[in-house]
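Accompanying notes for the structure given below.
The values are calculated or read from the model by the stated rules, or taken from the named source; none is laboratory data. Everything numeric in this text was worked out from a predicted model, so none of it was measured. Here the Cβ positions follow ideal geometry from the backbone for every residue, glycine too, while neighbour counts run over all protein chains shown.
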DNA sequence: GCCGTTTTCGGCCCGACTGTTTTCAGTCG
């Protein structure tokens, strides 16, 4: 089994946790965490890079030592240092570190003083009242641990962006109505438009902060007040989502927005640039000595470290600072660049609206074209079309196009890729279409090699155009199937096929990282909503979000092209 | 453990809140 990047990253993170408990040099600990982030977020697999003879120490935050450790891990499946550390420090202490309120020092004390080496040990100790007797602990800390353990599952749940929006919207409205409040902005990973968010980070400006805080913690949906300070408070809502509110004066808005938007790694890097220029950057501004020299806007903050403003979606410490320094920031795609949607369904299969209704809805959104791509026959649960029904639909689209003005309906199909790599309908029918959208709906559990070859074989058919939702993941519900995306991308590039970024908020498949990989390889993608109703067409914005996180520009996306140019791109014959 | 238009050694972001403390350590983001 090839080693996945996540396995390497998880091991580095666990190692960092245990070293931290052992009291290792904090900067060494951070080095492991930084490396974990680089590996986790890298589009290509470390195993693949090594096989290609690449020097991993060229990657950011990976030096000679960690490059060697990754090589050992890939070759042997083992990280000897981790095994060494686990021999003297229980591995589960890394889990205990994830209990909110417990960090390395407390975990170390609990382990050394009370021999607590698991979550169950901790629960028992918290109930028995032993924890309060430890130096540095007390009654309140013990009660806090007991309470946090009730909700503790071992991993921090992340909610889908669309759900976070539903939770944030009324809360922002509520905060805006508080007297003295000027701006309310949801920052954090929400503003960076990550596909999921772990919490909501809300920034507000106000003349006086205390009254805002008092109203915030009194919000109807608050389940637990975790902290309640003058300028910062944290609560957990009934939905389980944690919300931080930070209030700053208006002159600090830009600096605070930058700080609260993150990512943490990006912030640290920007602050480090400041240090080199003898500047101190915090959430109140940019300071030269005691004097604030910037902070009202984010632009000011970046300018003081010699950089142009960087779009929030790029702030992941994935090379955006270097690109900004060198004047190479991408001109990210925007919703208005999209000229049409290339994947949607009608009542003919499992959609809710008719051909005409879908076409009208697309026209209302200013599109020049809309492709109808109902399911093919193999997807029986979705009432997939056989050849006869597809031919009938083709006729219906031709007749509709004669009546429509300003928008062109394209004839397509979401064609099932069967497990042996053949396509679900004969070429004699497919050739009557404008193009095909091909996807996997069954046999998700094939081994990586087989799954990859299945799609490669399908791609050999000249009527294969766009590979839809390429990993099949459903966020928080279904893991992606095992497939070599890089190989698929390379094959698509060679054959003139494209990959879809499916904009359904449950899918967002390709991921941001995969989009970046495609871009780096020179492969363009289609951003499509897979709409099953007219209102689903609005999911396009979620696709745009992820495309932007993947550094995509209009030229990297095929449905920013005119109909004429698009037809040319989709013609393989 | 990483990194270098000051450095191959000596740095490594910065502040708020809480609880247990008589001035600060731990945690978090």
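Is it the case, given these coordinates, that residue A:189 is touching a strand residue (DSSP E or B) at 6+ places or on another chain (Cβ under 7 Å), within 30 Å of residue A:507 (Cβ to Cβ), more than 9 Å from DNA strand B (Cβ to nearest atom) and not assigned by TED's automatic domain parsing to the domain that holds residue A:509?
yes
On the given criteria, is residue A:274 part of a helix (DSSP H, G or I), touching a residue at least 24 places away in the same chain (Cβ under 8 Å) and over 20 Å from residue A:192 (Cα atoms)?
Values: part of a helix (DSSP H, G or I): yes; touching a residue at least 24 places away in the same chain (Cβ under 8 Å): yes; over 20 Å from residue A:192 (Cα atoms): yes.
Considered against the rule, which asks whether it is part of a helix (DSSP H, G or I), touching a residue at least 24 places away in the same chain (Cβ under 8 Å) and over 20 Å from residue A:192 (Cα atoms), residue A:274 comes out as yes.
Against the definition (in contact with a helix residue (DSSP H, G or I) (Cβ under 8 Å, 6 or more places away or on another chain), buried (at least 16 other Cβ atoms within 10 Å of the Cβ) and assigned to a helix (DSSP H, G or I)), how does residue A:175 come out, yes or no?
The answer is yes for residue A:175.
Looking at the stretch A:483-505, can you tell me whether even one residue there is at pLDDT below 95 and exposed (fewer than 15 other Cβ atoms within 10 Å of the Cβ)?
Within the stretch A:483-505 (the criterion being at pLDDT below 95 and exposed (fewer than 15 other Cβ atoms within 10 Å of the Cβ)), the answer is no, since none of the residues qualifies.
Given the structure, is residue A:15 in contact with a helix residue (DSSP H, G or I) (Cβ under 7 Å, 6 or more places away or on another chain) and touching a residue at least 12 places away in the same chain (Cβ under 8 Å)?
On the way: in contact with a helix residue (DSSP H, G or I) (Cβ under 7 Å, 6 or more places away or on another chain): yes; touching a residue at least 12 places away in the same chain (Cβ under 8 Å): yes.
Yes; evaluated as a whole, the condition is true for this residue.
Based on this model, can you work out whether residue A:457 counts as closer than 23 Å to residue A:531 by Cβ and not in a loop (DSSP other than H, G, I, E, B)?
No, not satisfied.
For the stretch A:192-202, which residues satisfy the criterion of being touching a strand residue (DSSP E or B) at 6+ places or on another chain (Cβ under 9 Å) and either within 12 Å of DNA strand B (Cβ to nearest atom) or not in a strand (DSSP E or B) (or both)? Give the steps one after another, and end with the answer.
Step one: filter the stretch A:192-202 for residues touching a strand residue (DSSP E or B) at 6+ places or on another chain (Cβ under 9 Å), giving A:195-202.
The answer is A:195, A:197, A:198, A:199, A:200, A:201, A:202.
If you go through the stretch A:292-305 one residue at a time, do you hit one that is outside the structural domain of residue A:371 (by TED's automatic domain parsing) and either under 21 Å from the mean Cα position of the chain (by Cα) or within 10 Å of DNA strand B (Cβ to nearest atom) (or both)? Walk me through how you get there before you give the answer.
Within the stretch A:292-305, the subset outside the structural domain of residue A:371 (by TED's automatic domain parsing) is A:292-305.
Then drop every residue that is not either under 21 Å from the mean Cα position of the chain (by Cα) or within 10 Å of DNA strand B (Cβ to nearest atom) (or both), which leaves none.
Checked against the condition, which is being outside the structural domain of residue A:371 (by TED's automatic domain parsing) and either under 21 Å from the mean Cα position of the chain (by Cα) or within 10 Å of DNA strand B (Cβ to nearest atom) (or both), the stretch A:292-305 yields no hits at all.
Among the residues of the stretch A:111-150, which ones are more than 9 Å from DNA strand B (Cβ to nearest atom), assigned to a loop (DSSP other than H, G, I, E, B) and within 20 Å of residue A:22 (Cβ to Cβ)?
A:115, A:116, A:117, A:118 - these are the residues of the stretch A:111-150 that are more than 9 Å from DNA strand B (Cβ to nearest atom), assigned to a loop (DSSP other than H, G, I, E, B) and within 20 Å of residue A:22 (Cβ to Cβ).
Just a yes or no: is a residue in the stretch A:74-93 over 30 Å from residue A:520 (Cβ atoms) and either over 34 Å from the mean Cα position of the chain (by Cα) or at pLDDT below 90 (or both)?
yes
Inside the stretch A:1-105, counting only helices (runs of 4 or more DSSP H) that do not spill past its ends, which hold 1 or more residues that are surrounded by fewer than 16 Cβ atoms within 10 Å (Cβ to Cβ) and within 13 Å of DNA strand B (Cβ to nearest atom)? Walk me through it before giving the result.
On the way: elements: A:5-21, A:26-40, A:46-51, A:64-76, A:80-88, A:93-96.
Fully inside the stretch A:1-105 and qualifying: A:26-40, A:64-76, A:80-88.
Under the condition of being part of a loop (DSSP other than H, G, I, E, B) and under 24 Å from the mean Cα position of the chain (by Cα), which residue from the stretch A:424-452 is surrounded by the fewest Cβ atoms within 10 Å (Cβ to Cβ)?
Filtering the stretch A:424-452 for residues that are part of a loop (DSSP other than H, G, I, E, B) and under 24 Å from the mean Cα position of the chain (by Cα), the one surrounded by the fewest Cβ atoms within 10 Å (Cβ to Cβ) comes out as A:445.
Residue A:210 versus (1) modelled with pLDDT under 95; (2) over 30 Å from residue A:94 (Cβ atoms); (3) buried (at least 16 other Cβ atoms within 10 Å of the Cβ); (4) out of contact with any strand residue (DSSP E or B) (no Cβ under 6 Å at 6 or more places or on another chain): which is the lone unmet condition?
Only one criterion in (1) modelled with pLDDT under 95; (2) over 30 Å from residue A:94 (Cβ atoms); (3) buried (at least 16 other Cβ atoms within 10 Å of the Cβ); (4) out of contact with any strand residue (DSSP E or B) (no Cβ under 6 Å at 6 or more places or on another chain) is unmet by residue A:210, namely (3).
Quick grid of which residues meet (1) surrounded by fewer than 15 Cβ atoms within 10 Å (Cβ to Cβ); (2) in a strand (DSSP E or B); (3) touching a residue at least 12 places away in the same chain (Cβ under 8 Å):
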site	(1), (2), (3)
A:204	no, yes, yes
A:214	yes, no, no
A:225	yes, yes, no
A:234	no, yes, no
A:246	no, yes, yes
A:252	no, no, yes
A:257	no, no, yes
A:260	no, no, yes
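Residues checked against (1) under 27 Å from the mean Cα position of the chain (by Cα); (2) part of a loop (DSSP other than H, G, I, E, B):
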position	(1), (2)
A:321	yes, no
A:327	yes, yes
A:349	no, yes
A:356	no, no
A:378	no, yes
A:381	no, no
A:396	no, no
A:405	no, yes
A:420	no, yes
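Restricting to the stretch A:479-498, and then to whatever is in contact (Cβ under 8 Å) with a residue 24 or more places away in the chain and under 18 Å from the mean Cα position of the chain (by Cα), can you tell me which residue is farthest from residue A:198 (Cα to Cα)?
Let us first name the residues in the stretch A:479-498 that are in contact (Cβ under 8 Å) with a residue 24 or more places away in the chain, namely A:480-493, A:495-498.
From the residues that got through so far, the ones that are under 18 Å from the mean Cα position of the chain (by Cα) too are A:480-481, A:485.
Working: A:480: 20, A:481: 24, A:485: 27 Å.
Among those residues, the one meeting the criterion is A:485.
Table: residues versus (1) more than 20 Å from residue A:94 (Cα to Cα); (2) without any contact (Cβ under 8 Å) to a residue 40 or more places away in the chain; (3) not assigned by TED's automatic domain parsing to the domain that holds residue A:511.
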| site | (1), (2), (3) |
| --- | --- |
| A:27 | no, yes, yes |
| A:32 | no, yes, yes |
| A:36 | no, yes, yes |
| A:39 | no, yes, yes |
| A:43 | yes, no, yes |
| A:48 | yes, no, yes |
| A:53 | yes, yes, yes |
| A:57 | yes, yes, yes |
| A:68 | yes, yes, yes |
